[in-house]
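Student: I am attaching a structure below and will ask some questions about it afterwards.
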Amino acid sequence: MELQSNKILTYILGGFVLIWLFVSLSFALDTGSVFSWIATTLLCLLAVITFSFKKDHYIDFETRQYVSQNRILWHNWTEEKPLTIFKGIKIVSYSSHSKESKSGHTSYQVVLIFKYATFNEGITARSYQQLKEAQRYAYELEQRTGLALLA
């Protein structure tokens with residue numbers, strides 16, 4: 001689960017681009033002009049770029065905040081949430097089984113659990129292949145953030 005972000009601007013811009021994409025596509029299909037096909041191609045490219053925005057999450061230990069940086073085209077925005085929105089840190093194991101090899105693969109995720117979550121809803125801090133590495137990182141995160149390590 002992600003923190004709430006300002007995705008509304010992204011979807012408004014993307015919706016506007018998609019509408020004009022369909023308009024230019026209809027002109028291209030109707031008239032077959034080169035200009036309409038070029039406009040359709042450019043708008044399609046812009047729509048793909050618009051909906052593939054980049055998001056970076058990290059914990060700022062000095063200010064004790066969870067930071068989410070978002071970038072789309074030329075627009076950047078940063079959201080900062082205090083670490084008090086989390087009740088603790090938990091290590092969650094996930095197993096995957098393949099039918100061909102009939103063997104399992106287990107990975108471990110260090111998750112920041114939201115304070116008022118109904119289940120183990122939270123944000124994955126890191127994933128590991130070995131339990132010892134996950135425990136080491138969870139302990140380090142506990143020491144640096146002051147959040148409790150949950151069982």
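The values are calculated or read from the model by the stated rules, or taken from the named source; none is laboratory data. Keep in mind that what you see is a predicted model, and the values were worked out from it rather than measured. Cβ coordinates were reconstructed from backbone atoms using ideal geometry, including for glycine residues, and neighbour counts include every protein chain displayed. Heavy atoms of the whole protein, side chains included, go into the accessibility calculation; ligands, DNA and RNA do not. Shrake-Rupley method; radii C 1.70, N 1.55, O 1.52, S 1.80 Å.
Student: Any idea which of LYS90, LYS55 is basic (Lys, Arg) and either open to solvent by 50 Å² or more (accessible area, probe 1.4 Å) or at pLDDT 80 or above (or both)?
Tutor: After ruling out the rest, the residue left standing is LYS90.
Student: Suppose the filter is without any contact (Cβ under 8 Å) to a residue 24 or more places away in the chain, of a type in the set (D, E, K, R) and over 27 Å from PHE51 (Cβ atoms); does GLU62 pass it?
Tutor: In short, yes.
Student: Quick one: which residue in SER95, SER68 is hydroxyl-bearing (Ser, Thr, Tyr), part of a strand (DSSP E or B) and touching a Gly at 6+ places or on another chain (Cβ under 8 Å)?
Tutor: Criteria check complete, one pass: SER95.
Student: What pairs come up if the first residue lies in the range 9-30 and is buried (at least 17 other Cβ atoms within 10 Å of the Cβ), the second is polar (S, T, N, Q) and not in a helix (DSSP H, G or I), and their beta carbons are under 9 Å apart, counting only those six or more places apart or on different chains?
Tutor: If the second residue must be polar (S, T, N, Q) and not in a helix (DSSP H, G or I), the pairs left are THR10/ASN70.
Student: Just checking, does the range 131-146 include any residue being in contact with a strand residue (DSSP E or B) (Cβ under 6 Å, 6 or more places away or on another chain) and either open to solvent by 60 Å² or more (accessible area, probe 1.4 Å) or without any contact (Cβ under 8 Å) to a residue 24 or more places away in the chain (or both)?
Tutor: yes
Student: In the range 113-140, what residues are under 18 Å from LEU83 (Cα atoms), part of a helix (DSSP H, G or I) and in contact with a Lys or Arg (Cβ under 9 Å, 6 or more places away or on another chain)?
Tutor: Answer for the range 113-140, where residues must be under 18 Å from LEU83 (Cα atoms), part of a helix (DSSP H, G or I) and in contact with a Lys or Arg (Cβ under 9 Å, 6 or more places away or on another chain): TYR137, ALA138.
Yes/no per residue for (1) farther than 30 Å from LEU45 by Cα; (2) touching a residue at least 60 places away in the same chain (Cβ under 8 Å); (3) open to solvent by less than 40 Å² (accessible area, probe 1.4 Å):
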{"position": "VAL67", "(1), (2), (3)": "no, no, yes"}
{"position": "HIS75", "(1), (2), (3)": "no, yes, no"}
{"position": "TYR108", "(1), (2), (3)": "yes, no, no"}
{"position": "PHE114", "(1), (2), (3)": "yes, yes, yes"}
{"position": "THR118", "(1), (2), (3)": "yes, no, no"}
